[in-house]
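J.: This is the structure I want to talk about, given as structure tokens.
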Amino acid sequence: MGSKLALGDVCPNEQVILKANSDWLNYLGIIAPYSWKNATQIWPRIKNMLQTDDVNVLQKVCRSRDLFYRTLGQENYYHCINIYGLMQYTTDWSTAAYYVRMWSHLDFMCNIGYQQFMDKSSWACMTLLDQNQGCNTAYLNNVNWNDVCPALQNYTMCSKQAADRACGPPNGYFACEDIRLGHGANCPNIRCTIN
């Protein structure tokens, strides 16, 4: 079973992902011919929605994440929303990785980070901080795509320090965890701490 998962053989077919993705975008009011392969266009639109201080938007995005999960079902979610599961439908590693990272970010925001982000002052500060692309730009300029973990370690620390400075602890922890879970699921030595 493990070898099948590594090869992506257990993701039943691409139509399952296409349907769940379409239902999800429709729920959010994003009317565009986007498939899962368009995550580089989808994620900025989701982030723009979230860059308000209206926690109702966060709640709607999280409800949409739940809809997506229910549409796919638990087994398909974990078998299909991983890089290896998606690689059977594309030859572009970055396309699969970007889509998986988007869902990792949403999973974090709508589960572990939800309580923190529901605090209006934390949410407002974190959305403003997210518009500062310094840590992201440094990461993209220094990452070796064959071994992302060293650059990712710097990215998580940069994001943590920026969030703690701008928004106060423990916001840095949540910013770090968002990056770690969204980008570094395969980097076992990266840790986020509160202090």
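The values are calculated or read from the model by the stated rules, or taken from the named source; none is laboratory data. On a predicted model such as this, the values are computed, not experimentally measured, just so you know. Glycine also receives a Cβ, built like all others from the backbone with ideal geometry; neighbour counts cover every protein chain displayed. For accessibility, only protein heavy atoms count, side chains too; no ligands or nucleic acids. Shrake-Rupley method; radii C 1.70, N 1.55, O 1.52, S 1.80 Å.
J.: Across the range 158-192, what is the total count of residues that are among the small types (Gly, Ala, Ser) and surrounded by fewer than 17 Cβ atoms within 10 Å (Cβ to Cβ)? Working first, answer last.
T.: Looking only at the range 158-192, we keep the residues that are among the small types (Gly, Ala, Ser), and these are 159, 162-163, 166, 168, 172, 175, 182, 184-185.
Among the residues that remain, those that are also surrounded by fewer than 17 Cβ atoms within 10 Å (Cβ to Cβ) are: 166, 168, 185.
Residues flagged as among the small types (Gly, Ala, Ser) and surrounded by fewer than 17 Cβ atoms within 10 Å (Cβ to Cβ) within the range 158-192 amount to 3.
J.: Please determine, by comparing only the residues of the range 1-26 that are assigned to a loop (DSSP other than H, G, I, E, B) and open to solvent by 60 Å² or more (accessible area, probe 1.4 Å), which one is modelled with the lowest pLDDT.
T.: Met1
J.: Which one is farthest from Gly182 (Cα to Cα), of the residues in the range 138-166 that are of a type in the set (D, E, K, R) and either without any contact (Cβ under 8 Å) to a residue 24 or more places away in the chain or touching a Leu at 6+ places or on another chain (Cβ under 8 Å) (or both)?
T.: Arg165
J.: Also, quick follow-up: Restricting attention to the range 27-57, report how many residues are open to solvent by less than 40 Å² (accessible area, probe 1.4 Å) and either in a loop (DSSP other than H, G, I, E, B) or more than 28 Å from Thr91 (Cβ to Cβ) (or both).
T.: Of the residues in the range 27-57, 7 are open to solvent by less than 40 Å² (accessible area, probe 1.4 Å) and either in a loop (DSSP other than H, G, I, E, B) or more than 28 Å from Thr91 (Cβ to Cβ) (or both).
J.: Let me spell it out: the conditions are (1) modelled with pLDDT of 80 or more; (2) open to solvent by less than 30 Å² (accessible area, probe 1.4 Å); (3) touching a Cys at 6+ places or on another chain (Cβ under 9 Å), and Tyr99 meets all of them except one. Which number is the exception?
T.: The one condition Tyr99 does not meet is (3).
J.: For the range 153-195, which residues satisfy the criterion of being of a type in the set (A, V, I, L, M, F, W, C), within 18 Å of Trp103 (Cα to Cα) and assigned to a helix (DSSP H, G or I)? It would help to see each step written out before you state the result.
T.: Initial filter on the range 153-195 (of a type in the set (A, V, I, L, M, F, W, C)): 157-158, 162-163, 166-167, 174-176, 179, 181, 185, 187, 190, 192, 194.
Still in the list and also within 18 Å of Trp103 (Cα to Cα): 174-176, 179, 181, 185, 187.
Within the range 153-195, Phe174, Ala175, Cys176, Ile179, Leu181 qualify.
J.: Collect the residues in the range 76-96 that are of a type in the set (Ser, Thr, Tyr) and either in contact with a Pro (Cβ under 9 Å, 6 or more places away or on another chain) or open to solvent by less than 20 Å² (accessible area, probe 1.4 Å) (or both), keeping them in residue-number order.
T.: The answer is Tyr77, and nothing else.
J.: Sticking with this one: Quick one: Cys62 ticks every box in (1) under 20 Å from Leu181 (Cα atoms); (2) at pLDDT below 85; (3) touching a Cys at 6+ places or on another chain (Cβ under 9 Å); (4) open to solvent by less than 50 Å² (accessible area, probe 1.4 Å) except a single one, so which number is it?
T.: Only one criterion in (1) under 20 Å from Leu181 (Cα atoms); (2) at pLDDT below 85; (3) touching a Cys at 6+ places or on another chain (Cβ under 9 Å); (4) open to solvent by less than 50 Å² (accessible area, probe 1.4 Å) is unmet by Cys62, namely (2).
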